[in-house]
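Starting off with a structure, shown below.
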Ligand SMILES: *Cc1c(COP(=O)(O)O)cnc(C)c1O
């Protein structure tokens with residue numbers, strides 16, 4: 001890597017393009033093991049804390065869908081990048097959304113994966129209605145019951161799916177979860193399976209509609225297991241952009 005590349009904050013070692021290619025290859029192998037088509041799994045590149053210059057490298061490598069956690073960080077980055085990129089990019093919000101930032105979120109994001117309360121869902125519905133749009137959302141489930149994480153408790157999920165599914169300006173597409181971090185990724189499998197069963201149960205019982213298909217599970221260290229358990233969206237940050245600053 002040259003000094004000028006270093007000054008520009010470009011990727012060290014492999015480069016983002018190579019890491020994206022490698023992640024896609026791993027997604028394809030996991031799909032093959034699970035007897036699924038790679039088209040069933042969408043890679044959401046988690047770009048929180050990643051500067052716009054590096055995000056552009058990912059765009060140059062063909063990545064189009066990005067996940068961001070915080071409105072304050074994502075706002076300026078999304079505007080900056082949309083001004084110069086000619087290809088349309090898709091932005092998913094994956095972090096907790098405070099209700100006073102809901103309007104900004106509806107303006108900026110194509111999907112909100114982290115709807116974690118009925119109050120938030122109702123607020124988003126009202127705002128989306130005012131803006132004349134129907135907003136794609138996922139409900140976040142706190143599978144591990146961890147106090148540090150947001151999301152519906154597993155036993156609240158089904159009634160929440162039913163309520164949110166009736167909101168006219170939200171398009172409820174499925175479930176999202178961040179299970180407890182376990183060193184041994186294989187141990188996360190039962191959490192992923194439980195979320196899939198919740199989705200299937202919601203569909204089977206008629207609580208959710210035809211469009212309720214998405215399972216957003218799997219991060220850098222466990223996405224292959226998530227795919228084996230039915231993930232349709234994998235949210236990968238570190239494996240693409242490197243370690244985040246702590
Ligand atoms: C940061 C984050 C990710 C990405 O995690 P990595 O381990 O870096 O792949 C995925 N999902 C959510 C909700 C996150 O906040």
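Looking at this structure, is residue 191 under 23 Å from residue 67 (Cα atoms), more than 11 Å from the ligand (Cβ to nearest atom) and assigned to a helix (DSSP H, G or I)? Before the answer, list the steps.
On the way: under 23 Å from residue 67 (Cα atoms): yes; more than 11 Å from the ligand (Cβ to nearest atom): yes; assigned to a helix (DSSP H, G or I): yes.
So residue 191 passes the test.
Table: residues versus (1) closer than 23 Å to residue 122 by Cβ; (2) touching a helix residue (DSSP H, G or I) at 6+ places or on another chain (Cβ under 6 Å).
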residue: 161; (1), (2): yes, yes
residue: 176; (1), (2): yes, no
residue: 187; (1), (2): no, no
residue: 206; (1), (2): yes, no
residue: 209; (1), (2): yes, no
residue: 238; (1), (2): no, no
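Here is a follow-up. For the subset of region 121-140 comprising residues that are within 16 Å of the ligand (Cβ to nearest atom) and closer than 18 Å to residue 154 by Cβ, which member is surrounded by the most Cβ atoms within 10 Å (Cβ to Cβ)? Before you say what the answer is, go through the steps one by one.
If we filter region 121-140 for residues that are within 16 Å of the ligand (Cβ to nearest atom), which is where we start, we get 137-140.
Still in the running and closer than 18 Å to residue 154 by Cβ: 138-140.
Numbers: 138: 25, 139: 30, 140: 28.
Among residues in region 121-140 that are within 16 Å of the ligand (Cβ to nearest atom) and closer than 18 Å to residue 154 by Cβ, the one surrounded by the most Cβ atoms within 10 Å (Cβ to Cβ) is 139.
Restricted to region 206-246, and to residues that are without any contact (Cβ under 8 Å) to a residue 24 or more places away in the chain and more than 9 Å from the ligand (Cβ to nearest atom), which residue is farthest from the chain's Cα centre (by Cα)?
Among residues in region 206-246 that are without any contact (Cβ under 8 Å) to a residue 24 or more places away in the chain and more than 9 Å from the ligand (Cβ to nearest atom), the one farthest from the chain's Cα centre (by Cα) is 206.
Next question. Mind checking whether some residue in region 194-202 is part of a loop (DSSP other than H, G, I, E, B), at pLDDT 95 or above, touching a strand residue (DSSP E or B) at 6+ places or on another chain (Cβ under 7 Å) and away from the ligand (no atom under 12 Å from the Cβ)? Talk me through it step by step, then tell me what you get.
Of region 194-202, the ones part of a loop (DSSP other than H, G, I, E, B) are none.
Looking for residues that are part of a loop (DSSP other than H, G, I, E, B), at pLDDT 95 or above, touching a strand residue (DSSP E or B) at 6+ places or on another chain (Cβ under 7 Å) and away from the ligand (no atom under 12 Å from the Cβ), one finds none in region 194-202, hence no.
In region 120-147, which residues are over 13 Å from residue 170 (Cβ atoms) and in contact (Cβ under 8 Å) with a residue 12 or more places away in the chain?
140, 141, 142, 143, 144, 146
Can you name every residue in region 203-246 that is closer than 17 Å to residue 151 by Cβ and part of a strand (DSSP E or B)?
Of everything in region 203-246, those that are closer than 17 Å to residue 151 by Cβ and part of a strand (DSSP E or B) turn out to be 214, 215, 216, 233, 235.
Could you go through region 174-186 and let me know if any residue there is under 17 Å from the mean Cα position of the chain (by Cα), surrounded by fewer than 23 Cβ atoms within 10 Å (Cβ to Cβ), farther than 22 Å from residue 23 by Cβ and more than 11 Å from the ligand (Cβ to nearest atom).
Yes, region 174-186 has at least one match.
Let me ask something else about it. Out of region 49-81, which residues are away from the ligand (no atom under 16 Å from the Cβ), farther than 16 Å from residue 108 by Cβ and in contact with a helix residue (DSSP H, G or I) (Cβ under 8 Å, 6 or more places away or on another chain)?
Hits for region 49-81 are 56, 57, 59, 60, 61, 62.
Yes or no: residue 168 assigned to a helix (DSSP H, G or I), at pLDDT 95 or above and away from the ligand (no atom under 15 Å from the Cβ)? Reasoning before the result, please.
Details: assigned to a helix (DSSP H, G or I): no; at pLDDT 95 or above: yes; away from the ligand (no atom under 15 Å from the Cβ): yes.
Spelling it out, it is not the case that residue 168 is assigned to a helix (DSSP H, G or I), at pLDDT 95 or above and away from the ligand (no atom under 15 Å from the Cβ).
Would you mind stating whether residue 157 is in contact with a strand residue (DSSP E or B) (Cβ under 7 Å, 6 or more places away or on another chain) and either more than 25 Å from residue 224 (Cβ to Cβ) or modelled with pLDDT of 95 or more (or both)? Walk me through it before giving the result.
On the way: in contact with a strand residue (DSSP E or B) (Cβ under 7 Å, 6 or more places away or on another chain): yes; either more than 25 Å from residue 224 (Cβ to Cβ) or modelled with pLDDT of 95 or more (or both): yes.
Criteria met by residue 157.
Still on this structure: Residue 27 - would you say it is under 18 Å from residue 176 (Cβ atoms), in contact (Cβ under 8 Å) with a residue 40 or more places away in the chain and within 16 Å of the ligand (Cβ to nearest atom)?
When the stated conditions are applied, residue 27 passes them.
Scan region 143-162 for residues that are within 19 Å of the chain's Cα centre (by Cα) and within 16 Å of residue 112 (Cα to Cα) and report the count.
Residues that pass the stated criteria total 4.
The values are calculated or read from the model by the stated rules, or taken from the named source; none is laboratory data. Keep in mind the model is a prediction, meaning the values are calculated, not measured. With ideal geometry, Cβ positions are generated from the backbone for all residues, glycine too; neighbour counts draw on all protein chains shown.
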